[in-house]
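Below: one structure, written as C-alpha cells.
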Amino acid sequence: MLRHLFTLIWNRKRANFLLITEIFLAFVILFVVGSTLVYSQQNYRTPLGFDYEQVWQVDLDPGMQPRAQRAATQRQVIQRLKSLPGVRFVARSSSNTPFSGNSNRSDLRRTKESGGAYVNGNFYYVEDAMRDVLAPHLIEGRWFDKRDDASTRQPVIITQETREKLFPGESPLGKIIPNGDQEMQVVGVAGTYRASGDLSEPRAAAFLRVSPQDTSFEHLETLLVRVQPGAGAALEKRMTTEILAIGKGWSSNITPLAEQRAAQLKLIVTPLVALVVVCVFLIINVALGLFGVLWQTINQRRTEIGLRRALGASARAISAQIVGEILVVSTFGLALGLLVAAQFPLLGVLGVKTSVYLTAMLLATALIYTLTAVCALYPSWLAAGIHPAVALREE
Amino acid sequence: MLQLTDIEKVYQTKTIETVALNRVNLTINKGEFVSVMGPSGCGKSTLLSIMGLLDEPSGGILELDGRPVKSYSDKELAHLRNQKIGFVFQSYHLINDLSVLDNVELPLLYRAGVGGKERRQRAHAALDKVGLSARTTHFPSQLSGGQRQRVAIARALAGRPEIILADEPTGNLDSVMGEEIMDLLLGLHRHDGTTIVMVTHDEQQAQKTERLIRFFDGSQVA
Ligand SMILES: Nc1ncnc2c1ncn2[C@@H]1O[C@H](COP(=O)(O)OP(=O)(O)OP(=O)(O)O)[C@@H](O)[C@H]1O
Ligand SMILES: [Mg+2]
C-alpha cells in the first residue's frame, strides 16, 4: 500500500510540487526557530555556577574626585559597608559582573613549550572575598587566599571549559599561562561560570586575583555585596547615604543581581517570544493552506475515490489513504528540508552543539507530520463518506 | 447466487422523481451467463450497480448467496465487492495518474494476503488476456477508447471474481475486438464457472449467452 501511495504521489508530482515546497519551507523555518529555542533551553537548564540571590551590585561613581584619592576612599567605603548590620561580605570586581552584559575577553594560552593551545575567554578580576559573595563552584585546587600574597606570579582560577581546551587529560594545577609579558599560575579549577546570563552558552573563563594591595581603582569600580536574607530598601538607603558621607561628590547605584537578571532575561526572551508568535501564525497559515488544498483534492477526486470503494476499499482504507498520501507528500518535503538542515551541523558554521540541531530536526519533523495528519483528518473523513454509485455517476 | 425480490430504485431530484427500476424480480444462478438488453435509460446500469453492491435499492430485497445484502456492514460490503465481484463500468473509470498495470492491480491492492509480486503477475496475466501486454506502462490518457475499455475489463479479471458484472463491455470495440472480448467472457464462464451478467446492445452477442433479459422503462419485459 505504501508503495502504491509513493507511486501515486510520484505520478502526481506536478500537482504536489507546491505542497512539497510549502512543507519544505515550513520545516526549514521550524528547524531554525526550533534550534534557537532548543539552544536557549539547553543553556537555560545549565547551572549558572554561582549564587546571585541576596547579592547586590554597587556601582561607584567618584565624580570629580582626583584619581589618586579614589582607591583610598573606596577602601573606606568597603570598610564601612562591611560594618553595616545586614551586610555579610563585600568584594571588588571588574565591571563584567553577572547579568551586566559586560565582558572582558582575552586569549588564554599554554606556553609555547606546552604546545601553545589557546582559547578565548572572559577574564573576571575578583577579590578573595568573592568566594563568599558569589560562591562560585570550585572543582579542584583552592580559591584565592593570603598565600597568594607572596606569589610572584598572578594567581588564576580557570573554569572547567578552559581546562577542557587547554589541559585535556592533565591536571592544570600549578601550570603556567602566559599573560602578555607576565605569567599566571593556575591555583584552582571552577565549574561552569555563566555570568553572561541564563541563556548564554557555557564558555571558557578565568578568575584573576585582585590582591588587597592593589590600589588601582579604574577597573574595579564595582562592588558586589552579599547581604543577609530579608535585607531590603532600608539597607539600600543606608548604604547610599554612607557612601555619600564618606566620598565627597561620590554617587552610587545599587541593584540586586536578581533584578539585573530579570531585566536581562526580559530583554532576551522578548524577541524569542516574538519569534515564536510569528512562527505560530506561520504554522496556522500553512495548516489552513494544507487543509484547503486537501479539501479541494477530495472534491476533485470523488470519482477516483468512488472507484476505489467499488473495487473493495473500505471506508477506513480510504481515510487511511488520504492521510497516508499527505504523510508521503510531507516525507518528500521533509527529506528536502532535512538535507538543508543537515548542513548546519555538518558545516558547523554557528559552533552550536550537534545535539541542538538533532533535537530541533526531530521536533520539526514530528510537528510537521502531526500538523499534516491533523489537517488531513476532516478531508479524509469526507472522503470516507463518498458513496461509490453517486461518485461514479458524476463524471 | 443473486436474488432480487421486488427491487425498486427511485431517483429523487428537486423537480422530478425518476423510477429507474420498478419491482424487478430476478434470480441469477451460480455459473450463469446472462445478458441484459434494453433501450437507453431503461435502468440497466442501475440494475448492475445494485447487483454490484455499489448502490442500495429504494425498496425490495437483494440477497447474495442467500443472505440479504442489507444485513452486511460497510466493511463486509467492501470485502464482498473486492472478493466476489468484478465490475466493468460503462465509462471505464480508470485512474489517470496510474499506469495501466497499476490500474489493473488496484482490486488486488485491497485484498489481504496478496503480495506485490503476485499482484504484478496477475495484472500481467489479465492484460495479456485482453491483448494489452504491450501497453502496461502507458497511462490511460495515452490509450484509445477501446484500449481503455480493455484495461477496465482486465482490472475486473485480475481479481478472479466469482461474478463479473459488465456494463457494455464491448460498446467501444470494433467487431473483431468485441468478438474477442466476448470469447474471453465465454471462456471464463465455461472454464472457470464465472457467473456473468452483461449489458449489451448487440443482439448477436446476447444470443451467445445462456439467458437474455429484456428491460423496458425500469421493468423486466422478457
Ligand atoms: N443520479 C440520478 N439522478 C436522477 N436520475 C438518474 C440518476 N441516475 C440515473 N437516473 C435515471 O435513471 C434512469 C436509468 O438510468 P441507467 O443509467 O440505469 O440507464 P441505462 O439503461 O444504463 O442507459 P444506457 O443504455 O444509456 O446506459 C434514467 O432515466 C436516468 O435518467
Ligand atoms: Mg448504462
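Quick look at the numbers
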| item | result |
| --- | --- |
| Counting all C-alpha pairs of segment A:55-263, share separated by more than 33 Å (%) | 17 |
| Span-rule helices in chain A, defined as complete DSSP H runs reaching 30 Å or more along the axis (Cα) with Kyte mean at least -1.0 | A:13-45, A:257-300, A:315-341, A:354-384 |
| Least to most buried among A:381, A:250 (fewest other Cβ within 10 Å first) | A:381, A:250 |
| Sorted by Cβ neighbour density within 10 Å, fewest at the top, the residues B:37, B:177 | B:177, B:37 |
| Where the Cα pairs of segment A:1-147 fall when distances are cut into 5 Å bins, in % | 2, 6, 9, 11, 13, 11, 8, 7, 6, 4, 4, 5, 4, 3, 2, 2, 2, 0 |
| Segment A:105-144: trypsin sites (Lys or Arg not before Pro) falling in loop per DSSP and having at most 15 other Cβ within 10 Å | A:142 |
| Gaussian network model of chain A, springs between alpha carbon atoms under 10 Å - residue of A:149, A:198, A:51 with greatest fluctuation | A:149 |
| Size of segment B:164-222 as Cα extents on the principal axes (Å, biggest first) | 32, 27, 17 |
| Dmax and Rg, reported as Rg then Dmax, of chain A (C-alpha, Å) | 31.4, 101 |
| Segment B:113-201: C-alpha gyration tensor shape, a/c 1.5 cut-off, then a/b vs b/c | oblate |
| For chain B, Kirkwood radius (reciprocal of mean inverse C-alpha pair distance, Å) | 17.8 |
| Length-normalised contact order for segment B:2-220 - Cα pairs under 8 Å, 6+ apart - percent | 31 |
| Calculated FRET efficiency for the pair residue B:222/residue B:112, C-beta based, R₀ 41 Å, to 0.05 | 0.45 |
| Overall form of segment A:130-172 per C-alpha gyration tensor (a/c, 1.5; a/b vs b/c) | oblate |
| Nonlocal amide H pairs with residue B:36, under 5 Å, H built at 1.01 Å | B:198, B:199, B:200, B:213 |
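Read-outs throughout are calculated quantities, based only on the coordinates presented, and are distinct from any laboratory measurement. Just so you know, these numbers come straight off a predicted model, no measurement behind them. Heads up, the Cβs are rebuilt from the backbone with ideal geometry, glycines too, and the neighbour counts pull from every protein chain shown.
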